[in-house]
Amino acid sequence: MRIDIITAVPQIFESPLNSSIIKRAREKGIVEIYVHDLHDYGIGKYRQIDDHPYGGGAGMILKPEPIFECIEKLKSEREYDEIIFLTPDGELFNQEMANEFSKLNNIILLCGHYKGVDERVREALVTREVSIGDYVLTGGELPALVVIDATIRLIPGVLNDIESAMTDSFQSGLLDHPHYTRPAEYRGMKVPEVLLSGNHEAIRKWRYEKALEKTLKRRKDLLNKIKGDGKNG
């Protein structure tokens, strides 16, 4: 998989892309990630990438020319499955979307900044708009990292145990069940007996019931979604 990131502040990506799971995925050659500085395509002596909005108002808008030039250069070199714009008014990112993205070959992540991008970029270039929540951040860089992390860990070979990713919260539509490890008792707190029983069917049932209980308590909306999708049996 290849991921190209277009950003006005490339330095934000230096540490996250060279740490932990993402670093290992890159070292294994499973994922290629390239960060493109929008200023390299800026206009004039000062590499201008933003300007005031037509019609007045506060804030600055990323200009269309640098973005068009960058994306058109990348598209001239290979085909892309998606050109994704990270924006607060986009489609809400979820586990299902991460699963979908993990099966793609080449994607571009366009990070908004300031008040966003010129609308012509969205109309002519962007194939999908994604948000990580109903709040506003300084730019699309942190959302891009969220999308990258959630997506890459699902690609076969990235995690040593792919079952770990496949049993995470939201994969079944429910929140994850509680987890325990050694010791069996710590400061008077004991691991539930069923997990020590060796009875796999009883353990499976206990985990499902606990996941259902947690989801009902914290995210009842997920249960409603499962019913609406016809996944409740």
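Just so you know, all these numbers are worked out from the coordinates, no wet-lab data involved. All values reported here derive from a predicted model rather than from experimental measurement. So basically every Cβ, Gly included, is an ideal-geometry build from the backbone, and we count neighbours across all protein chains shown.
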Roughly how many whole Å is it from the C-alpha centroid of the range 1-76 to that of the range 139-158? 16 Å
Set K23/K190; K103/K225; K63/K225, cut-off 31 Å on Cα-Cα distance; pairs above it are K23/K190; K63/K225
Rounded to the nearest 500, what is the chain's calculated 222 nm mean residue ellipticity when only DSSP H runs of at least 4 contribute -39500 (n - 2.57) each, over all residues? -10000 deg cm²/dmol
Need one number: nm distance between label points at R204 and E91, each 7 Å from Cα along Cα→Cβ, rounded to one decimal. 3.3 nm
For Cα extents along the principal axes in Å, the choices are (i) 65, 51, 34; (ii) 71, 39, 37; (iii) 61, 51, 32; which was calculated from the structure? (ii)
Relative contact order, percent, of the chain when contacts are C-alpha pairs under 8 Å separated by at least 6 residues? 19 percent
